[in-house]
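Working notes, structure below.
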Amino acid sequence: MAQRPGTPTVVIVGRPNVGKSTLFNAITGTRRSIVGDEPGITRDRIRGQGRFNDRPFDVIDTGGIIPNDAELIPANILKQAKVAFEEATQIIFVIDGRSEITGTDRELAQMLRKLGKPVTLAVNKIDVPKREILGSEFHVLGIQPVITVSAEHRSGIDELLAHVTRDFPEVDEIDMPAADRPKRPIKVAIIGRPNVGKSTLLNALTGTERAIVSPIAGTTRDAVDEAVTVDGQEYIFVDTAGIRRKGKTTEMAEKLSVMMARRHIGMAHIVLVIIDALEGATAQDAHIAGYADDEGRPIILCVNKWDAHPTRKSKEFGEAVRDELKFLEYAPIEFISATKGTNVKRLFELIKSAQEAMNKRVTTGELNRFVDRITHETNMKVKYITQAGVRPPSFVVFTDKSKPLHFSEERFIINQIRKEFKFGATPIEIKAKTTPGRGRRDVKP
């Protein structure tokens, strides 16, 4: 989700496991961030939208910060947070009200005071009235005001937002004329096994260091998104967590990541399935791609790390991919290197083409002429075909058969429709119906 021009931005910050993501979800009214008891679940910065008293604003949930931790992932979390601080209009510093002030809290407070931006101290997990007095001890951090909240129980949120948004402009929601509306962004989910290069591809597509990239499999847990505009068309890319086999998702955070990844597949228009060129297409790749196919989403297969492949024989590799992912014969294959940017720009045209195919409608006249041409190539008699919907394109086929179509017959019709009307990367659904009156017998009294 991109920053809306001119819209104030509220950044939520704090050490791990103080309830930042719960507060983010409470403010935005969503389940955008993963919430759990394990510390460090949020690693990248997550953006959402909020509104209070007709004052719209963007909200950024940052990963749990440990200022002086030299480890790779904590250092990258701090780097992502500093990017968020640059665009912050207001900062909410979240503290756990049930525990004592820690050295990390003091270091964060010192760092935030040096930014020269408005900071509000939210003492979280104050869900019992007798604990409200505990908020007073946090004044020693030197940040004012101090507001006690319970993000989990949604208490104190209005008071917090009233203060944070007090200087934000009020905006009336007025529908724009259709002619003045900008093109709708194309939402693209990036999915695949852990450590195949999804986050690197997100960064290459958007020209940013939006997602944390490391050699550690499973670095991404939340879905991380970023927008980019190419030739007047906005694209929103969502880097989802690596999806593991069920037997390997033992940690609660990993299981939640899989659930969120599947949710973002359902919210996307197009799906990029990333395959590791050095490992080849696997059964797990087929399993993951099946999630997108089940949702009826157009799929583009991206073979990443192609620059490091020992032979780089794309024809042979492509045949192996087709053999493993037989149900995705319609999906185009692009050989890329996310680290070097090789062929990455080609993906924009493929995505745009897939979006057009997903929304394509064929007139009844075109379909009738199409039926006339294919009836002699099949044993069944196709009476007529009509398009029932889009996203994905779906068709109703009326035949002279009283029994359901055989799989081979369905596949034949789908392939012919795809070829004739150039549907490209989108799946196609068909439903066969018997012509009214077929198979009925008059019963004499």
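The values are calculated or read from the model by the stated rules, or taken from the named source; none is laboratory data. Please read all numbers here as calculations on a predicted model, not as lab measurements. With ideal geometry, Cβ positions are generated from the backbone for all residues, glycine too; neighbour counts draw on all protein chains shown. These area figures cover heavy atoms from the full protein model, side chains too; ligands, DNA and RNA do not enter into them. Shrake-Rupley method; radii C 1.70, N 1.55, O 1.52, S 1.80 Å.
If you average the C-alpha positions of the range 388-424 and of the range 81-129 separately, how far apart do those two centres end up, in angstrom?
Their Cα centres are 57 Å away from one another.
Please work out the average accessible area per residue across the range 322-378, using the 1.4 Å probe convention, and give it in Å². Each step should come with its number before you reach the end.
Values: 3200 Å² over 57 residues.
Counting only protein heavy atoms, the per-residue value for the range 322-378 is 56 Å².
Over the C-alpha atoms of the range 289-399, what are the Rg and the largest Cα-to-Cα span, Dmax, in Å?
Over the range 289-399's Cα set, Rg and Dmax evaluate to 18.1, 53 Å.
How do 269-277, 84-92, 155-163 rank on mean C-beta neighbours within 10 Å, highest first? Walk me through the numbers on the way to the answer.
On the way: 269-277: 25.6, 84-92: 18.9, 155-163: 17.3.
For the peptides 269-277, 84-92, 155-163, the packing ranking is 269-277, 84-92, 155-163.
Could you sort 18-29, 288-299 so that the peptide with the highest average Cβ count within 10 Å comes first and the rest follow in order?
So the peptides 18-29, 288-299, ranked by packing, come out 18-29, 288-299.
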